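Asker: Dropping a structure here in C-alpha cells format, bear with me for questions.
Nothing in this text is a laboratory measurement; each read-out follows from the coordinates by a stated rule. Just so we're clear, the structure is a prediction, and the values are computed from it rather than from any experiment. Every residue, glycine as well, gets a Cβ built from its backbone with ideal geometry; the counts of neighbours run over all protein chains shown.
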Amino acid sequence: MPETNNAPRIFVLSGAGLSAESGVKTFRDNDGLWETHRVEDVATPEAFARDPQLVHRFYNARRNQLHTVQPNAAHHALARLEAGLDAAGGALVHVTQNVDDLCERAGETRTIHMHGELTRAFCTACDHRFAALQSLSPTTPCPACRTPGGPRPDIVWFGEMPYAMERIEAELMHADRFVSIGTSGAVYPAAGFVSAAKARGIPRLELNMEPSLGTSQFSDARHGPAGQLVPEWVEEILAQL
Ligand code: APR
C-alpha cells in the first residue's frame, strides 16, 4: 500500500450500539441498563457517596461480564481501519462513550474512552489511578495510600467532566470525515460533536440501528446492525487508500 498524503483523518464517535452484538447491554434500548437501574442510583457522585455498595455492585457486574464477551465484527473492522490508515499516512481517531475493553481486545491501540473504563479505578483519597480487573467494594483499600474504600470505578458519571475534551475538540478541528457508530445522540457533550463537524462542512456519516436523535445533522446515514454496517464501510475506506 503506497504512502499517500491524501489518506483521510477520520473521527469516529461510538456508543453502546458498537458493543451490542457482543452481548453488552446498551442503555436506552428496550432491555437497556436504564430500564433496570436509575441513573441517579448508580451513575452519579451523589449515588456513590450515598450507597457505595450499590454502585460497586452495578459496576462489578458490568466489569465481570467483560470476561464473558468478545469483540464483534465491528470492533475488528475498526482495528483494521486504524492499521490501514496509519500505513497510508492517514489516521483513525476513535472516541468512544463505551467503557468496555472490546476495541483494545480487537487490536485498536489508541481508543479514547471519554466516559472512562470499567477496567480502571482511582482512589478518592489520593487520586492514584490503576487497573481494576477484580470486583471493588466499600472496603477495598487503595493500592497506594491503603485508604479502605478509597477506590471508585474510573467511570465518568453524570455531572462529571468527560475525559480528553481538549484533545477531542482539537481532533474535531482536524478531521476530514466524521462517523458516528451506535449511539443514540442522547448525551452531551458527545451528542454535540456532529454539529462541530457540520460547522466545518466535512462529510458526516451515521451508522446506527435506527435514526439517532441527531440524525438530521448528518450528511449520510446507514441504518442496521453495526456488525454488518461497520465492516462494509471500513472495506470501502480501505479500498480507496
Ligand atoms: N448496531 C448498531 N446500533 C445499535 C445496535 C446495533 N447492533 N444496537 C443498538 N444500537 C443503537 C440504538 O439504536 C441506539 O441508538 O445504539 C444506540 C445506543 O444508544 P444508548 O443506549 O443511548 O447508548 P449511548 O448512545 O452509547 O449512550 C451514551 O449515555 O448513559 C450514558 O454514559 C452512558 O455512554 C453512555 C451515554
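Asker: Could you compute the net charge surrounding S212? Neighbours are other residues with a C-beta less than 11 Å from the C-beta of S212; K and R count +1, D and E count -1. Can you show the working numbers first?
Answerer: Working: positive: R28; negative: E206, E210.
Combined, the nearby Lys, Arg, Asp and Glu give -1.
Asker: Pairing the Cα long axis of helix 165-174 with the longest principal axis of the chain, what angle in degrees results, from 0 to 90 and rounded to the nearest 10?
Answerer: 0
Asker: Please figure out what share of the DSSP beta bridges in segment 94-222 is antiparallel and state it in percent, rounded to the nearest 5. Mind dumping the intermediate values first?
Answerer: On the way: 8 of 17 bridges.
The answer is about 45 percent antiparallel.
Asker: What Cys residues in the chain are without a partner cysteine, judged by a Cβ distance under 4.7 Å?
Answerer: For the chain, the answer is C103, because their Cβ atoms have no other cysteine Cβ under 4.7 Å.
Asker: Mind sorting M114, M209, M161 by how few other Cβ atoms lie within 10 Å of their own Cβ, fewest first? The partial results should precede the final answer.
Answerer: Values: M114 22, M209 16, M161 8.
Fewest-to-most ranking of M114, M209, M161: M161, M209, M114.
Asker: Write down the percent of antiparallel bridges among all DSSP beta bridges whose residues are both part of the chain, to the nearest 5. Write out the running numbers ahead of the final one.
Answerer: Working: 8 of 29 bridges.
Percent antiparallel among DSSP bridges in the chain is about 30.
Asker: Mean separation of Cα pairs under 8 Å and 6+ residues apart, divided by the residue count of the chain: what relative contact order is that in percent? Walk me through the intermediate numbers first.
Answerer: Values: 468 pairs, mean separation 58.7, N = 241.
RCO, the chain: 24 percent.
Asker: Still on this model: If each residue's Cβ is checked for other Cβ atoms within 10 Å, how do C145, C123 rank with the fewest at the top? Before the final figure, lay out each step's value.
Answerer: Working: C145 12, C123 21.
So the residues, fewest neighbours to most, are C145, C123.
Asker: Next question, about the same structure. Output the relative contact order of segment 183-241, whole-number percent, from Cα pairs under 8 angstrom with separation of 6+ residues.
Answerer: Working: 63 pairs, mean separation 16.7, N = 59.
The value is 28 percent.
Asker: Something else: In 10 Å bins starting at zero, report the fraction of Cα pairs in segment 47-144 per bin as a rounded %.
Answerer: All Cα pairs, binned at 10 Å, distribute as 14, 39, 28, 15, 4, 0 percent.
Asker: Any idea how far apart V69 and K25 come out in nm if each label point goes 7 Å out from Cα toward Cβ?
Answerer: Result for the modelled spin labels: 1.1 nm.
Asker: Report the percentage of all Cα-Cα pairs in segment 142-241 whose separation exceeds 24 Å, rounded to a whole percent. Walk me through the numbers on the way to the answer.
Answerer: Details: 1854 of 4950 pairs.
Everything past 24 Å amounts to 37 percent.
Asker: Work the Kirkwood hydrodynamic radius out for the chain: mean of 1/r over every pair of different alpha-carbon atoms, inverted, in Å.
Answerer: Details: mean 1/r = 0.0536 Å⁻¹.
Its Kirkwood hydrodynamic radius stands at 18.7 Å.
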